[in-house]
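These notes concern the structure reproduced below.
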Amino acid sequence: MAEAAQAPSKRPLSPHLQVYRLTLSMMMSGLHRITGLALVAGMVVLTWWLLAAAAGRNAYTTFEAFETSWIGRLILFGFSWAVLHHVLGGIRYLLWDLGIWIDNEEREWLIRANIVGSIACTILLWVILLLSGMR
């Protein structure tokens, strides 16, 4: 019995990142997780907005000064992209779970549509907001 425990294993080692070729699908999986974390950070800004609105004019003026600054706009732009990208990525995963568009060529097309769609929707959203009079 002791001999079997000391014998070297004949099982293959698990593949490592050095074995795999990085694919667009793998990168998008990681990006989907990153946008999920960005949404959590964006919720802090959303909470600040709601608390400032409830706290009164002075608190809301402070929030508004941040929100209208270039860094505030950049954060809001990034947050809106993360929301749209995450939603489209969630729809993509739902389609795959249903067995739709899961073949190699279809899968790559859907991933590219997720990237282009999230960028296009974000730009369209911001154009609409700016044309509607967003300060």
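Tell me the relative contact order for the chain as a rounded percent, counting alpha carbon contacts under 8 Å between residues six or more apart.
26
What angle do you read, to the nearest 10 degrees and between 0 and 90, between the alpha-carbon axis of helix 57-67 and the longest principal axis of the chain?
Around 50 degrees separate the two axes.
Sum -39500 (n - 2.57) across every DSSP H segment of at least 4 residues in the chain, then divide by the residue count to get the 222 nm mean residue ellipticity, nearest 500.
Helices in the chain give a 222 nm mean residue ellipticity of -26500 deg cm²/dmol.
For the stretch 28-131, with only Lys/Arg (+1) and Asp/Glu (-1) charged at the beta-carbon, what is the dipole magnitude about the Cα centre, in debye rounded to 20?
Charge dipole of the stretch 28-131: 300 debye, to the nearest 20.
Evaluate the stretch 28-131: find the radius of gyration of its Cα atoms, find its Kirkwood radius, and give the ratio Rg to Rh.
1.10
Taken together, the values in this text are just the output of simple stated rules run on the coordinates, not laboratory data. Given the structure is predicted, the values throughout are model-derived calculations rather than measurements. Methodologically, a virtual Cβ is constructed for each residue, glycine included, from the backbone with ideal geometry; neighbour enumeration extends over all protein chains shown.
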